Amino acid sequence: MSTLAPEVRRTPDGVDWELFARRHWDRRPVRLRARPPVGLHEVHPLNVVSCAPFRAGTRFWVMPDVRFLLGDGWLRAPGALLPDTADATLDDYLDRLDADVPGQGYLLTVRQPLLLDHALWSAVRDTVGALWRQVGWPNLPVVAEVLTGDRFTQHAGATEAPTHAALTWVLRGRLDVRLWDERGGPPPADIADPDRDVPGARTLSAGAGELLYWPGDQRHVDTYRERCVALRLRIPVDRGLPFTALRDLLADLVHAGQDNDDTVPYFPFGPGTRIDDRDGVLPRLTALGGELRTAVDGEQLRRTLRIRWAALRSAAGLEPIPVPREGVTITRDTRFRRTGEIVRMPDGPAHEVWAVDGNVFTLPTAASDRVYAALGDGEETGADEVCRALAAGEDDRNDRTVLALLDKLYRLRGIDVVEERTR
């Protein structure tokens, strides 16, 4: 068992991220005292909503993603074993599971559930944003998981080479994590047996109110003790991941630039279509390479990457993002406060990208500085002040433009209307 790291100081918000970054980030695993950004009482309602579509069976390529593991296997149709609205509390659900599958360990994994609740998404974003300000902002999405396990050992993290670092807040119960440094070679076969002593392996154990961290060079085996609940962030750190993302983006750009006649993309075959003939395979592949070079050298790729970075930066890497909220009627008499961070980035000579909570839009460069200054920095201000700052008062059309911008910022949660009780 590890000991609690005494050198990391407690702060009012939980963790001294500056000290953590200096002593632990990308260096060594550690266990810390930390206040979870999500409360235990908030987990069950989030799981119920996330699991509802999966009660009829496994769904693919959707978020949130839900998996239920029982005994030695993943149940493709867990049905009634998932939480639902009839389970009033988390304990009610776990009591029902104990009755339905007596004596069997289980693990419920809900991946990317935060997109369903902006308040929880925002709380996690603000917490992890304090770390990113010390170590740098992720350029790929961070994966959030809510884990509910009971007497279950999950060894999937030991079967493949690691690509992600991890932050795991324990909300309830106890979680034991056995770690193996990838630089020492593949782990032995008995790494997945939590009861065996494996030379070279290290075990971190955390209870409620504690945080486990391990860097991206660690394979891991998780053992969930009785009624354990945890929140995990998987942080992409492998050097190959950005290249994979860029490859996929380039493929999308090349495909979008081609004439799509809905035909199956087979290469021609038959007389006159040898590999180096004019209509053969080689010329077509060469032409595809030319299209790829054009995409790499083109402004569209650079602009797409700028917009993508602004969105990720404003979301602190937490994607997918929650949907915008419903708008309200905003007039020149409306009073508001700027409550959300606005990430700004130049987008060519004439426009600027603004990103709020992972949502992106553009403004004319000539007006963006005046708009931003008029929004204030958390103090109460008025829509009429923004209109006056842009000299929009003499033209109703300009007024409508300003009010439409404020409506957009409200829906994206960049501002809150003072007269409205907002979420």
Check: Would you call ARG178 touching a residue at least 40 places away in the same chain (Cβ under 8 Å), of a type in the set (D, E, K, R) and under 26 Å from LEU114 (Cα atoms)?
Finding: no
Checklist line | Residue within the range 280-293 that is open to solvent by less than 20 Å² (accessible area, probe 1.4 Å) and either touching a residue at least 60 places away in the same chain (Cβ under 8 Å) or among the hydrophobic types (A, V, I, L, M, F, W, C) (or both) present | finding: no
Next item on the list: Tally the residues that are open to solvent by 30 Å² or more (accessible area, probe 1.4 Å), in contact with a Gly (Cβ under 7 Å, 6 or more places away or on another chain) and closer than 20 Å to PRO37 by Cβ, restricting the search to the range 209-238.
Entry: 0
Next item on the list: Being more than 19 Å from ASP222 (Cβ to Cβ), touching a Lys or Arg at 6+ places or on another chain (Cβ under 8 Å) and among the hydrophobic types (A, V, I, L, M, F, W, C) narrows it down to one of ALA56, ALA80, ALA52, ALA88, so name that one.
Entry: ALA80
Item checked: Any hit, the range 329-343, residues being surrounded by fewer than 20 Cβ atoms within 10 Å (Cβ to Cβ), acidic (Asp, Glu) and within 23 Å of LEU115 (Cα to Cα) -> yes
Item checked: the range 360-386: number of residues that are touching a helix residue (DSSP H, G or I) at 6+ places or on another chain (Cβ under 6 Å) and within 29 Å of ARG306 (Cβ to Cβ) -> 4
Check: Which is touching a residue at least 60 places away in the same chain (Cβ under 8 Å), of a type in the set (Lys, Arg) and at negative phi, of ARG33, ARG59?
Finding: ARG33
Checklist line | Count of residues meeting criterion [at pLDDT 80 or above and open to solvent by 30 Å² or more (accessible area, probe 1.4 Å)] in the range 190-200 | finding: 3
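The values are calculated or read from the model by the stated rules, or taken from the named source; none is laboratory data. Because the structure is a prediction, the values reported are computed rather than measured. Glycine gets a Cβ as well: all are built from the backbone with ideal geometry, and neighbour counts include every protein chain shown. Calculation scope for accessible area: heavy atoms of the full protein, side chains included, ligands and nucleic acids excluded. Shrake-Rupley method; radii C 1.70, N 1.55, O 1.52, S 1.80 Å.
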